[in-house]
1. Working only within segment 100-135, note down all residues that are among the small types (Gly, Ala, Ser) and closer than 24 Å to LEU33 by Cβ.
2. Could you grab me the full set of residues in segment 79-116 that are crowded, with 17+ Cβ neighbours inside 10 Å and of a type in the set (Ser, Thr, Tyr)?
3. Can you name the residue in segment 46-73 that is among the β-branched types (Val, Ile, Thr) and crowded, with 23+ Cβ neighbours inside 10 Å and is also farthest from LEU19 (Cα to Cα) among such residues?
4. Give GLN196, GLN184 a once-over and let me know the one that is out of contact with any helix residue (DSSP H, G or I) (no Cβ under 8 Å at 6 or more places or on another chain) and either at pLDDT 95 or above or surrounded by fewer than 13 Cβ atoms within 10 Å (Cβ to Cβ) (or both).
5. Is it the case, given these coordinates, that ASP76 is of a type in the set (Asp, Glu), under 18 Å from the mean Cα position of the chain (by Cα) and crowded, with 22+ Cβ neighbours inside 10 Å?
6. Regarding segment 24-39, can at least one residue be identified that is among the small types (Gly, Ala, Ser), assigned to a loop (DSSP other than H, G, I, E, B) and either at pLDDT below 85 or more than 20 Å from TYR235 (Cα to Cα) (or both)?
7. Within segment 227-245, how many residues are touching a strand residue (DSSP E or B) at 6+ places or on another chain (Cβ under 9 Å), not aromatic (Phe, Trp, Tyr) and not in a strand (DSSP E or B)?
Amino acid sequence: MTSVSFDPDTLERLVPDELTSDELARATLELHLERYRFAAEHCNSGALLDIACGVGYGSRLLGDLRPDDLRVVGVDVSAEAVRYAGERYADDRVAFIEADAMTFETNEMFDNIVSLETIEHLPNPKGFVDNVLRFLRPGGIFVSSVPTTPSVDANPHHLHDFTRAKLDGLVADHGLQELASLPQVQPFALRSAITQQDSRFKNVRPNLPAYYLRHPGSLVKRIVSTLRHGFANHYVTVAWRSPDA
């Protein structure tokens, strides 16, 4: 099987087979796997759409955890990620297609839609949620996750900071009922963040002090979050159920 050309240690696209022995990278992978296990626990039987699936390990885990009653379709914008997913994780119950999450179209309806650590990357999170929920059957399950501590300041790949209330606001117009939530906390060492020894900070925004000078509101968010939570990133994964027809 061929490898991927993007850096698996940036943690923006986790590639389990190519992670180093870095304990923090492994801990980050475990957070992702825990989210997928949570999703599998709360999903309905039937068809599942995993949108922005990366290299596909989570899509395959969903299929493996529910081998008798789930058929999984993983979608990602990266042709390379989809190629890798097809070679490494596809089987008769798990398939992968290339498509943009923001403009995804399909003739199929799904019993479940999962999109983890996605919407903070997208230019229009509400538009994304409105779009994909068109493909969720009545009574279907929608599972999504976001960081709930600031991330835009340090991570140039993130376009939006989220709170739990802001996440709930994305689905408010659709009448979804919350079934369960999974809070997660990942501490980090300040020294590792500054020196970028922690693999999570390899792609930290360059010249962060200058960014704060241009965006003082982001600095205020960071200070408030640190005073409240310490040196830790917080995340939440939520499972909602759509109304019955």
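The values are calculated or read from the model by the stated rules, or taken from the named source; none is laboratory data. Just so we're clear, the structure is a prediction, and the values are computed from it rather than from any experiment. Note: ideal-geometry Cβ built from the backbone for every residue, glycine included; neighbour counts use all protein chains shown.
1. Just the residues of segment 100-135 that are among the small types (Gly, Ala, Ser), to begin with: 101, 115, 127.
Those that are among the small types (Gly, Ala, Ser) and closer than 24 Å to LEU33 by Cβ: ALA101, SER115.
2. TYR84, TYR89, SER115, listed by residue number.
3. So in segment 46-73, the residues among the β-branched types (Val, Ile, Thr) come out as 51, 55, 72-73.
Filter once more, keeping what is crowded, with 23+ Cβ neighbours inside 10 Å: 51, 55, 72.
On the way: ILE51: 22, VAL55: 13, VAL72: 25 Å.
So, considering only residues that are among the β-branched types (Val, Ile, Thr) and crowded, with 23+ Cβ neighbours inside 10 Å, the one farthest from LEU19 (Cα to Cα) is VAL72.
4. Values: GLN184 fails: out of contact with any helix residue (DSSP H, G or I) (no Cβ under 8 Å at 6 or more places or on another chain).
GLN196 is the lone residue from the list that is out of contact with any helix residue (DSSP H, G or I) (no Cβ under 8 Å at 6 or more places or on another chain) and either at pLDDT 95 or above or surrounded by fewer than 13 Cβ atoms within 10 Å (Cβ to Cβ) (or both).
5. yes
6. Initially, segment 24-39 is screened for residues among the small types (Gly, Ala, Ser), giving 25, 27, 39.
Still in the list and also assigned to a loop (DSSP other than H, G, I, E, B): none.
No, segment 24-39 has no match at all.
7. So the first thing to find is which residues in segment 227-245 are touching a strand residue (DSSP E or B) at 6+ places or on another chain (Cβ under 9 Å), and the list is 229-245.
Now drop any that are not not aromatic (Phe, Trp, Tyr), which leaves 229-230, 232-234, 236-239, 241-245.
Remaining after also requiring not in a strand (DSSP E or B): 229-230, 242-245.
The number of residues fulfilling the criteria is 6.
Residue-wise test of (1) at pLDDT below 95; (2) within 18 Å of LEU136 (Cα to Cα); (3) part of a strand (DSSP E or B).
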residue: CYS53; (1), (2), (3): no, yes, no
residue: SER59; (1), (2), (3): no, yes, no
residue: ASP64; (1), (2), (3): no, no, no
residue: PRO67; (1), (2), (3): yes, no, no
residue: VAL73; (1), (2), (3): no, yes, yes
residue: TYR84; (1), (2), (3): no, no, no
residue: ASP111; (1), (2), (3): no, yes, yes
residue: SER115; (1), (2), (3): no, yes, yes
